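The values are calculated or read from the model by the stated rules, or taken from the named source; none is laboratory data. All of these numbers come straight from a predicted model, not from anything done at the bench. All Cβ positions, glycine included, derive from the backbone under ideal geometry; neighbour counts span all protein chains shown. We work out accessible area using only protein heavy atoms, side chains counted, and drop any ligands, DNA or RNA first. Shrake-Rupley method; radii C 1.70, N 1.55, O 1.52, S 1.80 Å.
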Amino acid sequence: MTDELQRAQNNGADKAAADEVTDAAAIEQLQQSDISTTEVEMDLRLANHIEKEAGAESDKVKIHVADLHKTYNGRLEVLKGISIDVTEGEVLVIIGPSGGGKSTFLRCMNGLEEITSGTVEINGANIADKKVNINKVREDVGMVFQHFNLFANMSVIDNLTLAPVDLKKATKEEAKKTAMKMLERVGLADKANVFPHQLSGGQKQRVAIARALCMHPSIMLFDEPTSALDPEMIGEVLVVMKELAASGMTMVIVTHEMGFAMEVADRVIFISDGVIQEEGTPQEVFKHPQNPKTQDFLSKVLEI
């Protein structure tokens, strides 16, 4: 692995590519010791977080939101001027009370809700601009919903290969190879040929994550992915999401799983009444909230 890193550097590969090789080398080396892969991933994630906190100039803005407003029927204003940037590799977690605008905000990021006013740029493309091809933008943004939205009449493997073949014009062989790789990643390679009704809720959600990953997105959006699951199935989905976070995927997550949020988030925002009431690191927001609305919310969902 050292030779591979040297070649990458000699060929003028950028820092991100070199870091990826370095991380892979660290994992390979430490896997041979008595340290678990999960611990290694957490160490690498901590190192990435420290680098971001140090103000690395290489941070690339993946999502840019400026003065976002969303109004229904010209009267009900759900989002009231939200502005935020999400950088490459960042995990942004959104918390807040039901009805506060969290899911609407997330859906605006993928053009699933029409934007009343403001700017939402995904990889530099303003999806509020009618001239922008929203379907092309969505190819780089995976989204996982509360409900799994799997096609009941298709096998798991067919659910995963449909979009890559139809939208990205991959061959069936290429799409199947990618699908199997993603099923392995979420621990469900043995379920490739079963149908959704034969899966548990947690398995269905893991398939939904694998399906999104088959499009090779650079951004993943999660809209309360565990809220429809039985308590015993939540953990298996969170494990997959933790692995994605550790791998450096840019993620925006709406969740009520506060322990998970504290563990994986680089930054947490608290949305209530259609505005960002508070923003900071997990330590700042969960341990030292400043806004009275944040304090009241957390007092109800955490043992403080």
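Would you work out which of 240, 228, 262 lies farthest towards the positive end of the dipole of the stretch 216-304, given +1 charges on the beta-carbon of Lys and Arg and -1 on that of Asp and Glu, about the Cα centre? Result: 262, furthest along the dipole toward the positive end. For the stretch 265-300 versus the stretch 96-134, the spacing of their alpha-carbon centroids is 22 Å.
Projecting the Cα positions of 135, 150, 170 onto the charge dipole of the stretch 122-191 (unit charges on Cβ atoms of Lys, Arg, Asp and Glu, taken about the Cα centre) puts 135 furthest along the positive direction.
Could you tell me whether the stretch 165-267 comes out rounded, prolate or oblate from its Cα gyration tensor? Rule is a ≥ b ≥ c as square roots of the eigenvalues, rounded for a/c under 1.5, then prolate if a/b exceeds b/c, otherwise oblate. Numbers along the way, then the final one.
Details: a/c = 2.23, a/b = 1.37, b/c = 1.63.
Oblate, since a/c reaches 1.5 and b/c is not below a/b.
Can you give the charge dipole size of the stretch 70-213 about its Cα centre, rounded to the nearest 20 debye, using +1 on the beta carbon of Lys and Arg and -1 on the beta carbon of Asp and Glu?
Numbers: 20 positive and 16 negative charges, 66 e Å.
So the magnitude is around 320 debye.
Using a probe radius of 1.4 angstrom, the carbon and sulfur fraction of the accessible surface of the stretch 172-304 is 49%.
Around residue 149, what is the net charge, scoring Lys/Arg as +1 and Asp/Glu as -1 over all other residues with Cβ under 12 Å from its Cβ? For residues surrounding residue 149, the net value is +1.
Averaging the inverse of every distinct alpha carbon separation and then flipping it gives the Kirkwood radius. What is it for the stretch 66-126, in angstrom units?
Working: mean 1/r = 0.0816 Å⁻¹.
Taking the inverse mean of 1/r over all distinct Cα pairs, the stretch 66-126 comes out at 12.3 Å.
Ratio of Rg to Rh for the stretch 64-213: 1.02 [Cα atoms; Kirkwood radius as inverse mean 1/r over pairs].
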